[in-house]
Amino acid sequence: MDNHSNTEKPWQAVRTEAVESLLVELGVIDSARVDEFVRHYEEKVGPKGGARVVARAWMDPDFKARLMADGLAACAELGLGGPETEKLHVVENSATVHNAVVCTLCSCYPWPILGVPPAWYKSSAYRSRMVREPRRLLAEMGLVLDPAVEVRVWDSVSEIRYLVLPERPAGTESFTEEQLASLVSRDAMIGVAKVAL
Ligand code: FE
């Protein structure tokens, strides 16, 4: 049989299942708990949490100040938090600075705020190119930045995760917090897109 057949699972999935079954066998974890954990981040958390944080920061300067000072504490005010993020550093985009987030080592990501990371975030191409040639990579992902805009790339580690606070689009002055939140995409909070009206 061809070991490289497309019908086979990726090696990461095979390895993860093997490790999980060993841990279950040894009584370290139980399968139902693992399934519950994955379902929680896939279905219950998601980027909508982060979008609420961004919208609140746009509406409320005091909240924004607290968010910039201590990301996790401010997110906790909106009921967001949990494992996989010990410290959340919020970086703000402006007309002159654009921030983008990567984890060059693996796939560190602010799970309690944005849910599970997208597949491309974990790819070696994204992880290496975001530090080597961020402008070009961003342009390929659909975000062409003015050459005058400074690009700052933040490399996540297990202790510190990042959240991009995008620029509020013009023409949203009369929007409610819910309307603003509906505009904010996951990609804008990773820094590979802007928020558009
Ligand atoms: Fe990582």
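The values are calculated or read from the model by the stated rules, or taken from the named source; none is laboratory data. Note that the coordinates shown come from a computational prediction; the quantities given were computed from them, not determined experimentally. Don't worry about glycine lacking a Cβ; one is built from the backbone with ideal geometry, like all the others, and counts go over all protein chains shown. Ligands, DNA and RNA are excluded from the accessible area calculation, which covers all protein heavy atoms including side chains. Shrake-Rupley method; radii C 1.70, N 1.55, O 1.52, S 1.80 Å.
Just a few scattered comments:
- Across the range 150-177, the number of residues qualifying as farther than 21 Å from residue 68 by Cα and not small (Gly, Ala, Ser) comes to 4.
- Spans of helices (runs of 4 or more DSSP H) in the range 26-134 with at least 2 residues of a type in the set (Gly, Ala, Ser) and without any contact (Cβ under 8 Å) to a residue 60 or more places away in the chain: 31-39, 61-69, 71-77, 124-132
- Qualifying position, being under 19 Å from residue 195 (Cα atoms) and in contact with a helix residue (DSSP H, G or I) (Cβ under 6 Å, 6 or more places away or on another chain), among 95, 74, 55: 55
- Answer from 80, 114, 138, 88 - the residue that is closer than 14 Å to residue 192 by Cβ, touching a Gly at 6+ places or on another chain (Cβ under 6 Å) and away from the ligand (no atom under 13 Å from the Cβ): 114
- Look at (1) under 22 Å from residue 55 (Cα atoms); (2) outside any helix (DSSP H, G or I); (3) more than 16 Å from the ligand (Cβ to nearest atom); (4) open to solvent by 50 Å² or more (accessible area, probe 1.4 Å) and you find that residue 179 fails only one, number (2).
- Exactly one residue among 96, 104 is open to solvent by 40 Å² or more (accessible area, probe 1.4 Å), touching a strand residue (DSSP E or B) at 6+ places or on another chain (Cβ under 9 Å), within 12 Å of the ligand (Cβ to nearest atom) and at pLDDT 95 or above, and that residue is 104.
- Residue check, residue 112 at pLDDT below 95 and closer than 17 Å to residue 166 by Cβ: no
- Set 117, 147: member being open to solvent by less than 70 Å² (accessible area, probe 1.4 Å) and either under 17 Å from the mean Cα position of the chain (by Cα) or not polar (S, T, N, Q) (or both): 117
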